[in-house]
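Chemist: One structure coming up, written as C-alpha cells, with questions to follow.
No value in this document is a laboratory result; all are computed from the given coordinates. Worth saying up front: this structure is predicted, and the values here are computed from it rather than measured. Cβ: placed from backbone, ideal geometry, glycine included. Neighbour counts: every protein chain shown.
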Amino acid sequence: MTGAAPLVQPTGLRAWLLSPEPASRWQARLGRLYLGWRTFTKNPLAVFGLGIVLLLLLVALFAGFLAPYSPVAGGDLRTLRLLPPSAEHWFGTDDQARDIYSRVIYGSRITLWVVLLVSVIATPIGLLVGTVAGYVGGWVDTVLMRLTDIFLAFPRLVLALAFVAALGPGIENAIIAIAITSWPPYARIARAETLMIRNSDFIAAVKLQGASTPRIIMGHVVPLCISSLIVRVTLDMAGIILTAAGLGFLGLGAQPPMPEWGAMVATGRNYLIDQWWVAAMPGLAIFVVSLGFNLLGDGLRDVLDPKAAK
Amino acid sequence: MAVATLTQSGGHHALRFFLLRTTQFIAVLATTLLGLVAVTFFIGRIVPIDPVIAIVGDRAPAHVYARVRQELGLDLPMIQQFWIYLKKAISGDFGNSVLTTNPVMTDIINVFPATLELATLGTIIGALIGIPLGVLAAVKRGSLIDQFVRVLGLIGYSVPIFWLGLMALLLFYAKLGWVEGPGRLDVTYSYMYTPVTGIVLIDTLMQGQMDAFWNAVSHVMLPACLLGYFSLAYISRMTRSFMLNELAQEYVIAARVKGLSEFRVIWRHALRNASVPLITVIALSYANLLEGSVLTETIFAWPGLGQYITNSLQNADMNAVLGGTLVIGAAFVILNLVSDLLYRLLDPRTR
C-alpha cells in the first residue's frame, strides 16, 4: 500500500487524505480510514455484504413507509387467509391473514435490535474479562480463563436454550441468554491481544509515569484490542442472528404477534406443504441478512486484521 | 549399546511426558465438568418458579410448605445444596422428568443413540465430501471449484438450519417424493426388529430385516445430509487452508523434483500431513453437530436428545432440560479434549 509511488499524482481531497506528512492527527486518522476503505472496496463481496447491512438499517428505519399493511393486525380471515404471493401481497399472507411482506419488513427492527443489544452487552464483558486476565496475569488470569473455558464448553444454542428455559420465554430473555453465551470468544481474543501489548515499551513508559493498573487497561490496552474485537463481533453477528432465530423458531424468543422471523418460520411449518411461502419468505430474510453480516465481517477482517485473513 | 540406552531414555522421557499430559488432561476435564455442573445448578436456581409451590400448590398451609422445603433440601446453605447436586450429577442422577415420569438419565440413555446415529452419519458425509472438495479447492486455487467451495461455505455459515431443513423437506419429500418424511421408521416396520443397540440402521441390518433397513435409510437420508452439509462447509474450508499451508512446504517441492506424480504428491504426501490437524477439525464438527441436532431433530421429528430437550422446554420440565444440557456439554468437552490429545499423539512436533 505504501512505498510504491502512484503513477498519477492524486489531487484535491485524495491528495490531502493520502499525504505522507499529515498536518494533524485528524488528517492522519482520516487518511488511514481512507486507505482501509480502499482495501475494503477491492473486495466486491464485502461491498455487497455492506450493501445488505445498510439495506437492513434503512428498511428497519423506514419500515413504516415501506410496509403497505400492519405487521400485527390481520385482514379478513374469510378471504385473505394464506393467499399466495401476488401484486397485492408480495410475499403472500399468513394464517392470520396478515401481509407477510409487511411482517418481514417490521421484523428487520427486531433482528437489528437483537444484534445491537447482544453486542452492546457482550463486547464490554468480553473486553473487560480478557484485558484484565491478560494484563494482571497470575491467579486472576487462571480463574478468569477457566471461567471463560467453561462457558465456551457449552454449545451456544443449547446453553441459550437452558437460560431462556429458566428465565422464561421472551425477546428480552433471549437477548440476555445470547449475550451470556457470546462473550467468551471475545474474552479470549482480548486476552491474546493484551498479552502482546503488555510488555511493550510504551506500557512500561506509562507505568513509569505512575499510571494505575485500571488506567493502563482502560486507556492504553482496551483501545488497542478494539479493532480485532470489532472484526470478531461483526463475524459473530450472523451467528447471533441465527441463534436468535433458532430460539424464536422454538417459541422461546419474541412472542406472538411480534413479527420475529424465526417465529414466523415456525408458524409456516404448519402450512409447509401447501402454503410454502409462509415459511419460505421470513427464512429467506434471515439467510440474506446473516449472509450480509458474514461477507461484511470477512471484508473488515481483510482491512483491520490482515494477518488473520490468510 | 549406546543406541539402546538412548532409545530407552527417549522412551522413558516420552512416557513421562505422556503421563504428565494425561494428568493435565484429567485435571482440565475435571474442572471444566465441575464448571458445567455449576452452571446448570445456577440456571436451575434462577428459575422464577418456586419448586415448593409447584409441588404443594399455593394454598398449602405454612407447615406443609416448610416440610416440603426441607425435604427438597432448599433450606440448606447454597454451597451445601450444590454439593448434593454435584454428588447426584456425578452418579448420573438428574432427578425425574415431569413429562415422562422416568429418571432423566434413563430417558437420555434411551434417546441418545438416535442422536449419535444422525450426528455420526452427518460427520461421515461431511468428511467424505468436504475433504476432497477442500483439497481440490487448494490445488486449483482461484479456479471455479475454489469459488464454489467458498460459496458453499458461506451459505453454510449463513443459512438457518431449521429453514433449510423445512425447505429440503418440502422439496425432496413433499414435491419430489425421493425420501421418506419425518421420523426414524415407518410404523409398519417398527415391530419387525428388536432394538439392541438403539441405532436402527445397525439393528435392522444385523437382524436381516432388509425392508426395514432401507426404510430407515430413506428416513435418515435427509436429516443426515442436512447435518452433513453443515459439517462439509466447515471441513472443506479448513481442509483448503491446511492444504495451502502444506503445498507451500519444501518437501512438496522435493517430492515433485523426485518425479512423483502430482496425484501422489497431493494425496499421499501433502494430505497425509494435513490430516493431523484435520482430525481436530472433524472432532470439532462432530461436537457442533450435537448442537445442530437440536433444531434438526425438531424438524424431522427425530426422537433424539435434541427433540427431548425441546419437548421438555415446552413443558417447563427443568430437570430434563438441565440433564440434557449437561450431557451435551460434557460430550462437547470430552470430544474437544480427545481431539486435542489425538493431535498431540499423532503430531511428532508437539512432543
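Chemist: For the range B:16-126, what relative contact order do you get, as a whole percent, if you take Cα pairs closer than 8 Å and at least 6 residues apart?
Modeler: That works out to 14 percent.
Chemist: Straight-line reach from B:Lys175: which aspartates and glutamates have a Cα under 14 Å away, not including same-chain ones fewer than 8 places off?
Modeler: Excluding near neighbours in sequence, the set is A:Asp274.
Chemist: Can you give the convex hull volume of the alpha carbon atoms of chain B per residue, in Å³?
Modeler: 213
Chemist: Which of A:Glu21, B:Glu117, B:Glu71 comes first, and how do the rest follow, when ranked by fewest Cβ neighbours within 10 Å?
Modeler: Sorted ascending by nearby Cβ count, the order is A:Glu21, B:Glu71, B:Glu117.
Chemist: Taking the range A:130-201 on its own, what percent of its Cα-Cα pair distances exceed 16 Å?
Modeler: 53
Chemist: Over the residues of the range B:213-259, compute the C-alpha Rg and express it relative to 2.2 N^0.38 Å.
Modeler: Taking N as the residue count of the range B:213-259, the ratio is 1.95.
Chemist: Based on other C-beta atoms within 10 Å, arrange B:Asp211, A:Asp94, A:Asp236, B:Asp203 from fewest to most.
Modeler: Ordered from fewest to most neighbouring Cβ atoms within 10 Å, B:Asp211, A:Asp94, A:Asp236, B:Asp203 come out as B:Asp211, B:Asp203, A:Asp236, A:Asp94.
Chemist: Toward the positive end of the charge dipole of chain B, about the Cα centre and with charges on Cβ (Lys, Arg +1; Asp, Glu -1), which of B:Leu201, B:Val333, B:Phe17 goes farthest?
Modeler: Sorting the options by dipole projection puts first B:Phe17.
Chemist: For the protein assembly as shown, just the Cα set please: Rg and Dmax, both in angstrom.
Modeler: Taking only Cα atoms of the protein assembly as shown, I get Rg and Dmax of 27.7, 96 Å.
Chemist: Give me a single rounded figure for B:167-179: the average over its residues of other chain Cβ atoms within 10 Å of their Cβ.
Modeler: 2
Chemist: Can you give me the distance in nm between label points at B:Ser261 and A:Asn199, each placed 7 Å from the Cα along the Cα-to-Cβ direction?
Modeler: The answer from the label model is 5.1 nm.
Chemist: For the range B:33-99, which trypsin sites (Lys or Arg not before Pro) are both in a DSSP coil and crowded by at most 12 other Cβ atoms within 10 Å?
Modeler: Loop-located and lightly packed - B:Arg59.
Chemist: Quick one: compute the contact order of the range B:104-350, relative version, from alpha carbon pairs under 8 angstrom and 6+ residues apart, as a percent.
Modeler: For the range B:104-350, the relative contact order is 30 percent.
Chemist: For the range A:153-290, divide the Cα radius of gyration by the Kirkwood radius and give the resulting Rg/Rh value with two decimals.
Modeler: When Rh is taken as the Kirkwood radius, the ratio is 1.18.
Chemist: Something else about it: For chain A, state the average projected area of the convex hull of the C-alpha atoms over all orientations, rounded to one decimal in nm².
Modeler: 21.4
Chemist: Sorted by mean Cβ packing within 10 Å, highest first, what order do the peptides B:18-29, A:178-189, B:169-180, B:103-114 take?
Modeler: The packing order, highest mean first, is A:178-189, B:103-114, B:169-180, B:18-29.
Chemist: On to the next question. Within 10 Å of each Cβ in B:268-279, how many Cβ atoms from other chains are there, averaged over the peptide?
Modeler: Average per residue, whole number: 0.
Chemist: Test of the criteria: in the range A:47-117, which trypsin sites (Lys or Arg not before Pro) are in a DSSP loop and have at most 12 other Cβ atoms within 10 angstrom of their Cβ?
Modeler: When the trypsin sites (Lys or Arg not before Pro) of the range A:47-117 are filtered for loop state and at most 12 Cβ neighbours within 10 Å, A:Arg78 remain.
Chemist: Filter the chymotrypsin sites (Phe, Trp or Tyr not before Pro) in the range A:39-114 down to the DSSP loop ones having no more than 16 other Cβ atoms within 10 Å, then list what survives.
Modeler: For chymotrypsin sites (Phe, Trp or Tyr not before Pro) across the range A:39-114 that sit outside H, G, I, E and B with at most 16 neighbouring Cβ atoms in 10 Å, the list reads A:Phe62, A:Trp90.
Chemist: So how much slack lies between A:Arg81 and A:Lys207, counting 0.36 nm per residue of separation and subtracting their Cα-Cα distance, in nm?
Modeler: Result for the pair: 38.4 nm of gain on full extension.
Chemist: Separate question: Work out, step by step, the length gained on full extension between B:Leu15 and B:Ser91: first 0.36 nm times the residue separation, then minus their alpha carbon distance; give nm to one decimal.
Modeler: Stretched fully, the B:Leu15-B:Ser91 segment lengthens by 24.2 nm.
Chemist: Please compute the contact order of chain A in relative form: average sequence separation of alpha-carbon pairs under 8 Å and at least six residues apart, divided by the residue count, as a percent.
Modeler: 23
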